[in-house]
Amino acid sequence: MAVIAHKCPNIQITIVDINDEKIKAWNSDNLPVYEPGLKEIVEECRGKNLFFSTDMDSAIQEADIIFISVNTPTKTYGYGAGKSADLRFVESCARRIGEVAQSDKIIVEKSTLPVRTAESIRDILEVTSNNCQFQVLSNPEFLAEGTAIQDLENPDRVLIGGEQTPEGLQAIETLVSVYAHWVPREKIITTNLWSSELSKLTANAFLAQRISSINAISSLCEATDADITEVAKAIGSDTRIGNRFLNSSVGFGGSCFQKDILNLVYLCESYGLNEVARYWEQVVLMNDHQKHRFSRKMVSTLFNTIADKKIAIFGFAFKKDTNDTRESPAIAVCQDLLDEQAELAIYDPKVQAHQIYKDLNISDPEAEAITLCNDPYEAAKDAHAIAILTEWDAFKDLDYAKIYASMKKPAFLFDGRNIVDLEGLRAIGFDAFGIGKPNPKRNNMIVS
Ligand code: UDX
């Protein structure tokens, strides 16, 4: 919304939330989300055509277009628990809009939703409203965190789905005209509602599938001494495959991939398409396997025990340039290491302490085997091993000779993101391991 406000000075945007704390933060110097370039844009537009408020009803009444951008977490209870999307927040938005609106409006689904949710939104609006006309559009968001501003300013495409009726097509055109302020028309794809909703789930499923595919091959590389970076380059040079999104890692995280695939799985199951459901579910299972494979490899390499050993964790966010930890592979790895009774010293440049404690279910930080550190050198001091779990650029240029000198020997380093120079580290003295990388010592057992 900040980018739309920035690109369209003639459009007034009001962001409303029931959470007063969040709105206060958006109106302050400390925005609740860290995203490169966002603060500058918010500061430029705030108070001019970008407003943050908790006065939901006035904002609903004044708006011509309403974007529903609430969270749709995986349901944790009842039917579809663990797979389907929890739509209670979407439903309560639709109800509130229906009850409060006094004029016709376009309602845009921005949240990622199961296919055919637009139908439910429309039904709720119809029964709750007082004779107002609503058009429901689907306009899924494809930005990635850490590069959100550039993705929005220069998107590969914008997708808008709507009903294929004269009113629906007119609503689509209205939203197209918003994006057309800065996105070339040929990049704005319009479809029917269901294609748009399904495209979002499918795009995330395909992207996550690429990572699980390359990660599956990474374990074969470790078994055979092939190098996953060389394999990725060789296959990525085929233009049909393409060279992006082939970085093998400790696993994918983030708020979308797992949730959307599980959503797709649930959708398939509910239409009786069990083979299709199992096919996509395997992408998530492979990802879980990769995270646990990484921790098991650490344990087996450290002579089959890490109990009471200090392990330095470099990075906790699910990727670099964000403070977001949702579904971060670091959570699963740290949990595994804690289960093995290791002592963890965690450093992340952006993630806040309370978030790490929450993610690891720690109620009393004093009593637990976790220390949060202010810099990576402090984390690595007297550690038996380092695990790099987020690809922060800063981890590439640390003084690893200094770090090595301060660690217990043999000093192990496990690079879960393949960002450091393993040969250089080995020259310093480290026993260094990457994902899908050959091991020159070749004495390691294969951890499958
Ligand atoms: C993703 C989609 O890219 C985006 O289009 C959608 O709107 C939301 O979900 P995001 O989760 O923000 O975006 O980040 P992304 O860059 O896709 O990374 C997801 C995870 O995959 C991260 O944990 C990342 O580290 C990992 N990843 C990504 C890899 O392990 N290897 C890769 O080659 C790329």
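Can you spot the lysines whose alpha carbon is less than 17 Å from residue 441's alpha carbon? Ignore those fewer than 8 places along the same chain.
Reachable lysines: 297, 409.
For Cα pairs less than 8 Å apart in space and 6+ apart in sequence, what is the mean separation divided by the residue count of region 206-448, i.e. the relative contact order in percent?
About 23 percent, as a whole number.
If you line up the long axis of helix 274-301 against the longest principal axis of the chain, both from Cα atoms, how many degrees apart are they, to the nearest 10?
30
Mean separation of Cα pairs under 8 Å and 6+ residues apart, divided by the residue count of region 227-310: what relative contact order is that in percent?
Relative contact order of region 227-310: 21 percent.
Could you list the trypsin sites (Lys or Arg not before Pro) in region 228-337 that lie in coil according to DSSP, counting only those with at most 10 other Cβ atoms within 10 Å of their Cβ?
Passing sites in region 228-337 are 240, 244.
How about region 47-118: which trypsin sites (Lys or Arg not before Pro) there lie in a loop by DSSP and see at most 15 other Cβ atoms within 10 Å?
Counting only loop positions with at most 15 other Cβ atoms within 10 Å, the trypsin sites (Lys or Arg not before Pro) in region 47-118 are 48, 116.
Which residue, 168, 258, 133, has the largest displacement toward the positive end of the dipole of the chain when charges sit on each Cβ (Lys, Arg +1; Asp, Glu -1)?
Checking the options against the dipole of the chain, the answer is 258.
Quick one: putting +1 on the C-beta of Lys and Arg, -1 on the C-beta of Asp and Glu, what dipole do you get for region 2-200 around its Cα centre, in Debye to the nearest 20?
Computed charge dipole of region 2-200: roughly 300 debye.
How high is the relative contact order of the chain, in percent, counting Cα pairs under 8 Å that sit 6 or more residues apart?
Result for the chain is 12 percent.
To the nearest 10 degrees, how steeply does helix 166-179 sit against the main Cα axis of the chain, on a 0 to 90 scale?
The angle comes out near 50 degrees.
Taking a threshold of 27 Å on the Cα-Cα distance, which of the pairs 7/396; 75/310; 39/110; 7/105; 48/259 fall above it?
Table pairs above 27 Å Cα-Cα are 7/396; 75/310; 48/259.
What's the magnitude of the charge dipole for region 206-448 around its Cα centre, counting Lys and Arg as +1 and Asp and Glu as -1 at the beta-carbon? Answer in Debye, nearest 20.
The dipole magnitude comes to about 540 debye.
If I build a Gaussian network model for the chain, linking alpha-carbon pairs within less than 10 angstrom, which residue out of 241, 228, 11 has the largest mean-square fluctuation?
Sorting by GNM fluctuation, first place goes to 241.
Among DSSP bridges having both ends in region 2-200, what percentage is antiparallel? Round to the nearest 5.
Bridges in region 2-200 that DSSP calls antiparallel: roughly 10 percent.
Can you give the angle from 0 to 90° between the axis of helix 193-224 and the longest principal axis of the chain, with both taken from C-alpha atoms, to the nearest 10?
The two axes meet at around 10 degrees.
Each reported figure results from applying straightforward, stated rules to the coordinates on display, with no laboratory input. Being a predicted model, the structure only gives us computed values, none of them experimental. Note: ideal-geometry Cβ built from the backbone for every residue, glycine included; neighbour counts use all protein chains shown.
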